[in-house]
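Structure first, commentary second.
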Amino acid sequence: SGWAGEGRERVMPDSVRCSHLLVKHQGSRRPASWRDPQGAEIKKRTQDEAHKLLTAFREQILTEGGGASEDTLRAFEALASKYSDCSSAQRGGDLGSFARGKMQPAF
């Protein structure tokens, strides 16, 4: 749970595991992906449109997950596999484990 015994001192893990569902847009650093190698769709998508897609994905994940963590994870992995612009889509969005401070600041 991340919390130690009686004193409720916070225990930070040495590493964390992260997954994501990336939706690129025309302002992305590299506006192309495995799904859209030429960036034809990405270059048309605004940041606001990408945000709306992610919001819809989030709602779908929460609805399909129904509050059960395993079902929520399966719903996330299914959407990430199909729609993520990151190559981690091959792994259901799983970026793996990494030590704190070793990934980009957004993580």
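The values are calculated or read from the model by the stated rules, or taken from the named source; none is laboratory data. Everything numeric in this text was worked out from a predicted model, so none of it was measured. A quick note on method: Cβ atoms are made from the backbone with ideal geometry, for glycine too, and the neighbour counts reach across all protein chains shown. The accessibility values were calculated without ligands, DNA or RNA, using every heavy atom of the protein model including side chains. Shrake-Rupley method; radii C 1.70, N 1.55, O 1.52, S 1.80 Å.
In percent, rounded to a whole number, the relative contact order of the chain is 34, using alpha-carbon pairs under 8 Å and six or more apart.
The alpha-carbon of Lys52 sits under 24 angstrom from the alpha-carbons of these lysines, leaving out residues fewer than 8 places away in its chain: Lys24, Lys43, Lys44, Lys82. Entry note, the chain: the mean residue ellipticity at 222 nm calculated from DSSP H runs of n ≥ 4, each adding -39500 (n - 2.57), is -10500 deg cm²/dmol after division by the residues and rounding to the nearest 500. In the context of the full set of protein chains, the chain has a per residue accessible area of 71 Å² (1.4 Å probe).
Think of each Lys and Arg Cβ as +1 and each Asp and Glu Cβ as -1; about the Cα centre, that makes the dipole of the chain roughly 500 debye.
With coordinates expressed along the principal axes, the C-alpha atoms belonging to the chain extend over 56, 33, 25 Å, beginning with the largest.
Taken over the Cα atoms of segment 37-85, the convex hull encloses 62 Å³ per residue. For segment 56-107, the Kirkwood estimate of hydrodynamic radius, built from reciprocal distances between every pair of different alpha carbons, is 11.9 Å.
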